[in-house]
Every structure is written in structure tokens, then in C-alpha cells.
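Let me begin by presenting the structure, written as C-alpha cells, before commenting on it.
The values are calculated or read from the model by the stated rules, or taken from the named source; none is laboratory data. Source: prediction; values computed, not measured. Glycine gets a Cβ as well: all are built from the backbone with ideal geometry, and neighbour counts include every protein chain shown. With ligands, DNA and RNA removed, areas are computed over all heavy atoms of the protein, side chains included. Shrake-Rupley method; radii C 1.70, N 1.55, O 1.52, S 1.80 Å.
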2 protein chains.
Amino acid sequence: MASHGARGRSGGRPTLEEVAARAGVGRGTVSRVINGSPRVSDATRAAVEAAVAELGYVPNTAARALAANRTDAIALVVPEPETRFFAEPYFSDMLKGVGAGLADTEMQLLLIFAGSDRERRRLAQYLAAHRVDGVLLVSVHADDPLPDLLAQLEIPAVISGPRSAAETLTSVDSDNYGGARSAVEHLLSRGRTRIAHITGRLDVYGAQRRVDGYREALRDAGHEVDERLIEPGDFTEEGGARAMRNLLARRPDLDAVFAASDVTAAGARQALREEGRRIPDDVALVGYDDSAIARHLDPPLTSVRQPIEDMGRRMLDLLLAEIADRRPAVSRGLERSQVVLPTELVTRASS
Amino acid sequence: MASHGARGRSGGRPTLEEVAARAGVGRGTVSRVINGSPRVSDATRAAVEAAVAELGYVPNTAARALAANRTDAIALVVPEPETRFFAEPYFSDMLKGVGAGLADTEMQLLLIFAGSDRERRRLAQYLAAHRVDGVLLVSVHADDPLPDLLAQLEIPAVISGPRSAAETLTSVDSDNYGGARSAVEHLLSRGRTRIAHITGRLDVYGAQRRVDGYREALRDAGHEVDERLIEPGDFTEEGGARAMRNLLARRPDLDAVFAASDVTAAGARQALREEGRRIPDDVALVGYDDSAIARHLDPPLTSVRQPIEDMGRRMLDLLLAEIADRRPAVSRGLERSQVVLPTELVTRASS
DNA sequence: AGGTACTGTGGGAGCGCTCCCACAAGTGAT
DNA sequence: ATCACTTGTGGGAGCGCTCCCACAGTACCT
């Protein structure tokens, strides 16, 4: 008969049905074994497993996805061009954390870049087709529509770095506030008193929190906050240099700078050099991220390290939990959904 | 009845059937429109398209995959740990080329790392499940079993850098032979006559071809090949330095070095410096890859550039063609399946 | 007029699973 | 002995598509 053409009648990949026949059991039982259900006797399980091994059975993902309405895949969405992704160790570290967690799973990770408009449209289409069970979102700006799209499609998602204090999505972040505090407290403990701050882009929530940490660390130490010591930056090197020049013009007597990123600090260092200030003798410098730049700067830069790999791991765990919760309503004890991980100050010669 | 639980009866995603009803046509017709079959009248097509738009219909990939026995996804497999992937611009560039080609397609790209044994087992499982229609393989060593697995599973695959002259898989490569020739010819044209070569790992076919190019360029110019001017390296910096020291000990009168990679050249430069040789005054140096290292070396390094982005693009095109050929046997005019792309010598201060 | 094409269309069958209902068999209380 | 559970099992129905056969309609030959 073979009404359906040559499409793999016999000789193709074995099916559940064939495994069942071989093991002398029903289809349902094989399915239970494959999916690790406890409701199978040991003898039956062994028989099925033997048949699976003999036949070299591998489940057909498409069939499973269709029947069970899930894909066993999640996406790591990077709303940036590839170039930035590769340039910043942030992503690589995060990927490592996610990958480690995934190893214990059957889940597949997709890496999706959505830097250009075209790519974003493709992504929207992709998500609308529900081709993934959940989404990991990194490096999202305040006005990004992606999180709302995800919410509307009811796709579980976890974001790294909440967009605001009122973030609705499950989020994982490092303690920007505490990290900034530790940087400032460190400078204070080194006897510095006129500590400036070059901020990050203030439409990024984390950057705001770093400013908050800076302010309150000073206040708690009994210092007044001088607004002339705060200068906006934008996470870039040029921005850091410009900000540093402005600060020096306004408060030539400053003796320390806390920059919102290592790249910013590199710019600040440049400007300080040009003005003939020695680091750390005249001005102490502290950065943020503890990236490769920090180690290779001259002098090596004291910096606040974020546990990025851990963040990736936690994001994954939270996402998997959310996905599991949408399935058969086995409500498990969910962790609180805004995780904040501690930072660590790495002291080097610049302070 | 809803025997199947709450699973999206109405209010869920629209199905083909619903679109058909709305457009007042049959299921088959809608399928034809969705898949761009020409066997549909313009009026019908318009009606279906309207219904699709109104309902916001998006095809269910799983159902399609099950019925049509394809996945509309391909994998870029990197048999290396993530770390190396991120460290080398090679991969990033290749990904860019592949991504560009993919934009015109419905295909989804998966990035799969198979650095550890564990990851490799997962990958094998993944491939056995036929979760992708084809595979792009980069950076494969001579003894890698992956290509054979792919062949056995009858999964279309394209490899970057054939494993040998007898490579059976479709491959895309740059002209290692010609690239090496151009480097040597350049050095000859600069008046150098005692040109040494530090090779790459000779179990990599491309490295062998570079040696061939080196030899024949000299021979064709009427020079004898002195085997004492050829020293094995391994693509690493230390290997390059070691090889350079050996060469200097053996032939202290050499006046040029062609290294099989920029990293190797960086090692060689180090060793030359230690021996007090000036570059290029005493010894001219040429590398291979034209990576970031080449530009940042002191002095900037003359290097052979490979069109990596183009290679990615070509690999993709070849793979898509192979996949298409396995489907309804619309045999299209296949390009020959061993593509070799030209290289370009980038001249800088080191030579 | 009858034949032979081709075009456009509808819908049955089937892809390989999961989910769940039905039911047999065993266990322990009444 | 009866009832009430529990445990293990088989298999029907259905997931949403694609493929293909069947057939109506039209066009162009003999």
C-alpha cells in the first residue's frame, strides 16, 4: 500500500510503536518509560529499555512537540548585533553559566541575535510560532518592546537586569547598589574624601542604582554629597574621558573617581593622564565589571566584579521553574522572582 | 467534550482549518498558499491571505515538521569549547556570513558547542533525533568522528576546511596553497632570499597546503628549498617562539619568516626580539589570518587574509542546496562541492 | 462529438507522539 | 465475602500539519 510514498516505511527510524512491539508491551508503557514515569514495574521498564537500546530508538521531537505542546527548547535572546556580543565577555560568561545548567537537562538552547530591525521582526515571528518554551533576555534597554511581546504571548521569560524597580518579569541582577557602596566605602577607607562618580547611561536601571549606592555610602559615612562630583557618562570610553575632564574643571581637588564601568574608567584614566594626575597617588580610580580591561589597564584597575556566570545559571533555573509551573499545575515552591546576587570588590593598584 | 483537557480549544492559536473556514476554502488550499505553491488562483490566494492576516495565523512548526519530516533548522557545530569560540574572530566572522545568508530564509540557525565529551554525546543524540535538516561544521580536526556520524545519519553537511585532499563532505575552504604562495612571493619581491617557514599543526590539511605553497613558490622562483628553513609549529604563540629559536640556531643568516598563523608570528616576533633581530630590517615577518593580532602587533604584521565571512555565506548556500536536493528530487544545477575561495595579502610594516 | 490534457480545489490518511480513560489484578479494611 | 483503593497496563483519540488522490471545470485537439 505505502500510500504515503517512500517516507521511511521500514528501515527508517524506529517508532514508539515498534519499540512497544519488540518489548511486548503497549505504546503507553513505552512512553511512560521514556518519560521517566514512576508508574512502571521494574521488569517492564527493563524490557522496554532493552528494546530501546536494541533498536536504537530516539524519540521524534516533532511528534512529541505536537502532541505535548512544548518544544524542549529555550532561547537566549540578545538584542544587540553579533559584534557586541562577541566583544563583551559579559555574554560569553553568561552563556557559560546557562550552558552549565543546561547540561543536566533535555532542553536545547538557541542563541538568537536581534540587533537589526529585520532580525527583530524575525524574532517576533519566531516567538509567535511558539518555537521555544521560554526566553532568557539579556541586556534589555528601558524602552524595549520585547518583554511586553513575551508577556502578551504568555511565554515564560527571565530578564537579566530589571528595567525598573517595578519590573514585572522575573529578573536576575547583581547588586548594583551594594557594588557601588563597596567601591565608595573602599575609597573612603583609603582616606579619600573628595570622591567623584561618573555614571552609566541613566536609562539603564542598574546605572541608577549605582548612583544611589554612591550617594548613600557617602551619606552613611557622614559626608555630604556634592552634586558637582557627579557627572553623567554613557558606559563608553569617550564618555568617560569627557566626564572626567568636566569633573576636573569643576572640582580640581578631587582625589578619587568611581566609574560606572571599566570602559568608562579607561576613558577617565586617559583624561587624568592628560592632566598630569597620577593614579593612584593623586587620584584613585575604581571601575565596575572586573572585565579584561581592568586587569590590563596601567595601573591595573580596582573594580567591582559581578558574578555573571552565576547569574546565567540562576536565570536558567528560574526559567525552567516557570516553564514547569505552566505545565500540569504542580505548583512547586517558587523562589521569589527578583533575584539579586552579591558583587565583590577586586582591589588592584589603581586605588 | 474537550476530552483533551483545556488545551487551547478555542481562543488558542488559530489552525489551518480555521483559516480555511474563514476564507471559505479547503485545508489543502490554505496549505498551498502558505507554502507558496503556484497552483492557486489569484482570487483564492487573496482570500486566504486576508484570512491569515485577520486571524493572525502562524503555522505550527511542530505539526509541519512531523508531517513533512523536516525541521527548517540547521546547526552550526563548533567542536571547541565556548571560550575559544569567543576568543577567535574567525568564528564571529563566519557566523556573520551565515547569518546574512539566513536572513533570506525561513531557516533557523542553532549554535552548538561540542567541546567536552559530554557535549559531544549530547550532540550525537541531537543529530540522531534529526532535529536539524543540515549541519555546518567548522574547525574539524583530521581524526574527528563527527563527519562520519553525519554521513551515516545521512544528514546534509558542509565542512569548512576539508580534512584531506580526499574529503568526501562538501567543503568550503580558502586557498591555503595560494595564500602561502602570495606570502612567499611577496617576501621574494622584497629582496629576501633566505625565507623560513614555521608551519601549523600538520594534522590540519590547510597547514600542509601552506607548506606546499611555500615550497613551490620558492621552487618556481628558482630557489632551492632548504629543509633546515622549515620548522614545525602548532598554531600557538609558544610554539612559534620555540620554532623561531630553533630556526635561528640552525640558520642564523635567515632574512625572512613566513608563519602559518598570526599567533605563531607573534611568538616568532618575541623570539626574534630576544635575539636582537629587528623587524623588518633584519628579518621580515609575515603571518596568516589577518586577525586583530596582526594589526596590533609592533610592528604591524603583514598577513594573509581569508574571506571568512564569504566562506560562511558559501557554506550556507551549499548546505541549503544539499538540503533542497534531498527533498522532491528537483535536481538543480549543483555547484561543484569543493569550493576554494581566494586569499589576499595585506601588507604592513613587518615586511 | 468525443477524447486528452491541464488547472484549481477539497479532503482523507497519516506523521509519531502524549494524554487519559478503562480495566485487570493485587491489597487490605470491613 | 464485599467494598474501596492502589498499581500497572493497553490503546483510542487527537495534536495541526503535508501529501496526494479524486474530481469538477475549462481549453484545445482530433
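Data for the structure
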read-out	value
Residues (open to solvent by 10 Å² or more (accessible area, probe 1.4 Å) and more than 10 Å from chain B (Cβ to nearest Cβ)) located in the range A:125-137	A:Asp133
Count - residues of the range B:210-237 that are basic (Lys, Arg) and open to solvent by 70 Å² or more (accessible area, probe 1.4 Å)	2
Per-region count, the range A:217-246, residues over 19 Å from A:Arg194 (Cα atoms) and small (Gly, Ala, Ser)	1
Any chance A:Ser31 is near DNA strand C (Cβ under 9 Å from one of its atoms), at pLDDT below 90 and more than 21 Å from B:Ala75 (Cβ to Cβ)	no
Number of the exception - B:Ala62 against (1) within 16 Å of DNA strand D (Cβ to nearest atom); (2) more than 11 Å from chain A (Cβ to nearest Cβ)	(2)
Test: residue in the range A:65-82 that is within 8 Å of chain B (Cβ to nearest Cβ), at pLDDT below 95 and closer than 22 Å to B:Tyr90 by Cβ	yes
So A:Phe91, is it at pLDDT below 95 and either within 7 Å of chain B (Cβ to nearest Cβ) or over 13 Å from the mean Cα position of the chain (by Cα) (or both)	no
Of all residues in the range B:277-315 being of a type in the set (S, T, N, Q) and assigned to a loop (DSSP other than H, G, I, E, B), the one that is surrounded by the fewest Cβ atoms within 10 Å (Cβ to Cβ)	B:Ser291
Residue check, A:Asp144 away from chain B (no Cβ under 14 Å) and closer than 29 Å to A:Asp262 by Cα	yes
Count of residues meeting criterion [under 21 Å from A:Glu106 (Cα atoms), more than 11 Å from DNA strand D (Cβ to nearest atom) and in contact (Cβ under 8 Å) with a residue 12 or more places away in the chain] in the range A:20-49	2
Test: residue in the range B:249-262 that is surrounded by 24 or more Cβ atoms within 10 Å (Cβ to Cβ) and in a helix (DSSP H, G or I)	yes
Matching entry among A:Arg22, A:Arg39 (being farther than 30 Å from B:Val98 by Cβ, away from every other protein chain (no Cβ under 13 Å), within 10 Å of DNA strand C (Cβ to nearest atom) and not small (Gly, Ala, Ser))	A:Arg39
Failed item in (1) open to solvent by 30 Å² or more (accessible area, probe 1.4 Å); (2) within 16 Å of DNA strand C (Cβ to nearest atom); (3) touching a strand residue (DSSP E or B) at 6+ places or on another chain (Cβ under 8 Å), with A:Asp72 passing the rest	(1)
Some residue of the range A:116-124 being within 11 Å of chain B (Cβ to nearest Cβ), surrounded by fewer than 19 Cβ atoms within 10 Å (Cβ to Cβ), touching a residue at least 12 places away in the same chain (Cβ under 8 Å) and not in a loop (DSSP other than H, G, I, E, B)	yes
Qualifying residues in the range A:93-115 (those that are closer than 16 Å to B:Phe86 by Cα and of a type in the set (Val, Ile, Thr)) - the one surrounded by the most Cβ atoms within 10 Å (Cβ to Cβ)	A:Val98
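Here is a yes/no grid of residues against (1) without any contact (Cβ under 8 Å) to a residue 24 or more places away in the chain; (2) among the aliphatic types (A, V, I, L, M):
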| residue | (1), (2) |
| --- | --- |
| B:Pro252 | yes, no |
| B:Val257 | no, yes |
| B:Arg269 | no, no |
| B:Ile308 | no, yes |
| B:Arg326 | no, no |
| B:Ser337 | no, no |
| B:Arg348 | no, no |
| B:Ser351 | no, no |
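Residue-by-condition table, conditions (1) of a type in the set (A, V, I, L, M); (2) buried (at least 17 other Cβ atoms within 10 Å of the Cβ); (3) under 24 Å from B:Tyr126 (Cβ atoms):
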{"position": "A:Arg39", "(1), (2), (3)": "no, no, no"}
{"position": "A:Ala51", "(1), (2), (3)": "yes, yes, yes"}
{"position": "A:Ala65", "(1), (2), (3)": "yes, yes, yes"}
{"position": "A:Pro79", "(1), (2), (3)": "no, yes, no"}
